[in-house]
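The values are calculated or read from the model by the stated rules, or taken from the named source; none is laboratory data. Model, not experiment: these values are computed from the prediction. In this analysis, Cβ positions are derived from the backbone assuming ideal geometry, glycine residues included, and neighbour counts consider all displayed protein chains.
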């Protein structure tokens, strides 16, 4: 007797219920990131290298420079500096 797709799917579901899978660890976030959202952009290789050089020369991080830039954008628009 030929097996139908529904029967095959049912058999696979039953089989998958029998397979033990390790539990995935709960996603954890660094305390400094709780309540914050990521904002991503793509830079040309030259712009990225320039940003990295500024960070090295000033002894800071690229992230800190990006926050500084965002605060300048907010200030230019008479908004509160929140970054």
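State whether one or more residues within the range 59-69 are touching a helix residue (DSSP H, G or I) at 6+ places or on another chain (Cβ under 9 Å), at pLDDT 95 or above and in a loop (DSSP other than H, G, I, E, B). Yes, the range 59-69 contains at least one residue that is touching a helix residue (DSSP H, G or I) at 6+ places or on another chain (Cβ under 9 Å), at pLDDT 95 or above and in a loop (DSSP other than H, G, I, E, B). Pairs meeting the criteria (first residue in the range 33-56 and within 20 Å of residue 71 (Cα to Cα), second residue in a helix (DSSP H, G or I), beta carbons under 6 Å, at least 6 apart or on different chains) are 51/62; 55/62; 55/65.
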